[in-house]
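**Student:** If you scroll down you'll find the structure; I have some questions about it.
The values are calculated or read from the model by the stated rules, or taken from the named source; none is laboratory data. Nothing here was measured: the structure is a model prediction, and the numbers come from that model. No Cβ is skipped: glycine too gets one built from the backbone with ideal geometry, and neighbour counts run over all protein chains shown. Note: areas computed on protein heavy atoms with side chains; ligands, DNA, RNA excluded. Shrake-Rupley method; radii C 1.70, N 1.55, O 1.52, S 1.80 Å.
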Amino acid sequence: MQDIGAIDLKNIKSKHPNVGQVLTTKFKNQYIFSVIVLQRHYENLSMEALEKGIRNLKRVCKRKGVNSLQIARNCSATNNLPPGALAQALSKVFTSSNISITLCYSNTSTVPEHERLGIIQLLHSSPFRGHKGITQTYRKIRERFYWRNIRDDITESINNCASCQENKITRAKTRNPMITPETPIEAFDKVSIDTVGKLRTTTAGNCHILTMQCHLTKYLLAIPLLNIKATTIANAQAKNLICQFGAPRAILSDRGTSFLSEIVRKQLQVLKIEHLTSNGY
């Protein structure tokens with residue numbers, strides 16, 4: 001902050017601030033908040049003084065309308081704190097607010113625009129980096145560099161990396177979306193047929209069942225059969241479905257040999273019934 005002229009330590013010291021006080025400096029279009037947590041630089045920072053300064057910082061942020069903060073983790077005042085103590089104190093005070101906080105763990109530099117692509121390629125495509133993904137590359141670059149829309153630039157560069165496009169697996173969702181099946185507008189407009197068996201033989205010699213169900217009303221016909229030959233199915237279909245309820249617009253079946261036979265095909269063709277079949281396997 002001193003190097004870029006954002007704060008003046010002599011000016012801060014001249015004000016003789018108290019522990020817990022927050023000094024505000026306007027730098028370009030941003031606010032620089034200096035939280036006083038030590039009276040003398042050689043003293044050890046206490047958690048009471050730290051939390052007092054953070055609470056005052058929260059009040060100043062609300063008064064100024066600030067919704068995001070960047071705080072340096074490594075500085076002389078906080079070096080004696082246990083690991084994670086600063087993050088815990090910030091979380092404790094700012095939990096109920098909508099202010100986002102970014103902890104900076106090292107020095108970063110703003111990169112000129114003409115050098116950004118080179119940095120991305122160096123930390124992504126070099127033999128030591130091994131073409132890591134977007135998130136890992138971003139974290140590695142963000143440790144030392146910063147510029148506006150940095151993640152967007154990294155994403156675009158990696159998406160255009162020829163090696164990544166050739167070798168990396170794209171885990172795209174391949175499951176088809178669910179669709180609502182067609183609903184018939186009248187009874188026995190569309191009928192599903194199937195066979196059940198072979199079952200125990202009855203006294204009449206039947207050991208199979210032909211089922212026919214209306215898609216709209218769910219009305220079910222179950223016709224006992226001696227066998228499941230094409231002629232037997234065509235005969236049962238004509239007597240129990242077509243002659244009683246009329247010819248449906250469409251019949252849905254599986255790809256069984258009897259249903260795909262020439263006899264059944266001719267029967268449906270003469271009556272102008274559309275034959276729909278389920279997918280194979």
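**Student:** Which numbered condition trips up Ser106, out of (1) within 19 Å of Gln30 (Cβ to Cβ); (2) assigned to a loop (DSSP other than H, G, I, E, B); (3) at pLDDT below 80?
**Tutor:** Going through the list (1) within 19 Å of Gln30 (Cβ to Cβ); (2) assigned to a loop (DSSP other than H, G, I, E, B); (3) at pLDDT below 80, Ser106 breaks only (1).
**Student:** Within the stretch 27-54, which residues are open to solvent by 80 Å² or more (accessible area, probe 1.4 Å) and under 29 Å from Ser109 (Cα atoms)?
**Tutor:** Lys28, Asn29, Gln30, Tyr31, His41, Tyr42
**Student:** A further question follows. Under the condition of being modelled with pLDDT of 80 or more and open to solvent by less than 50 Å² (accessible area, probe 1.4 Å), which residue from the stretch 86-103 is nearest to Arg40 (Cα to Cα)?
**Tutor:** Leu86
**Student:** Does any residue of the stretch 149-170 turn out to be open to solvent by 40 Å² or more (accessible area, probe 1.4 Å) and either over 26 Å from the mean Cα position of the chain (by Cα) or within 30 Å of Val264 (Cβ to Cβ) (or both)?
**Tutor:** no
**Student:** Give me the pairs, please: first residue somewhere in the stretch 5-26 and open to solvent by less than 80 Å² (accessible area, probe 1.4 Å), second residue anywhere and in a helix (DSSP H, G or I) and of a type in the set (D, E, K, R), beta-carbon distance under 6 Å, and either six or more positions apart or on two chains.
**Tutor:** Pairs that qualify, where the first residue is open to solvent by less than 80 Å² (accessible area, probe 1.4 Å) and the partner is in a helix (DSSP H, G or I) and of a type in the set (D, E, K, R), are Gly20/Lys52.
**Student:** So in the stretch 55-82, with the set limited to residues that are within 18 Å of Ile12 (Cα to Cα) and either open to solvent by less than 40 Å² (accessible area, probe 1.4 Å) or of a type in the set (S, T, N, Q) (or both), which one is modelled with the lowest pLDDT?
**Tutor:** Restricting to residues being within 18 Å of Ile12 (Cα to Cα) and either open to solvent by less than 40 Å² (accessible area, probe 1.4 Å) or of a type in the set (S, T, N, Q) (or both), the top hit is Ser76.
**Student:** Follow-up question, since we're still on this one. Which one is most open to solvent (accessible area, probe 1.4 Å) among residues in the stretch 171-207 that are closer than 27 Å to Leu260 by Cα and among the basic types (Lys, Arg)?
**Tutor:** This residue is Arg200.
**Student:** List the residue pairs whose Cβ atoms are under 9 Å apart, where the first residue sits in the stretch 112-137 and is at positive phi, the second is among the acidic types (Asp, Glu) and surrounded by 14 or more Cβ atoms within 10 Å (Cβ to Cβ), and the two are 6 or more positions apart or on different chains.
**Tutor:** Matching pairs, first to second residue: none at all.
**Student:** Would you please list the contacts, defined by Cβ atoms under 6 Å and residues six or more apart or on different chains, that run from a residue in the stretch 198-217 that is under 28 Å from Leu252 (Cβ atoms) and at pLDDT 90 or above to a residue that is among the acidic types (Asp, Glu) and not in a loop (DSSP other than H, G, I, E, B)?
**Tutor:** Pairs found: Thr211/Asp194.
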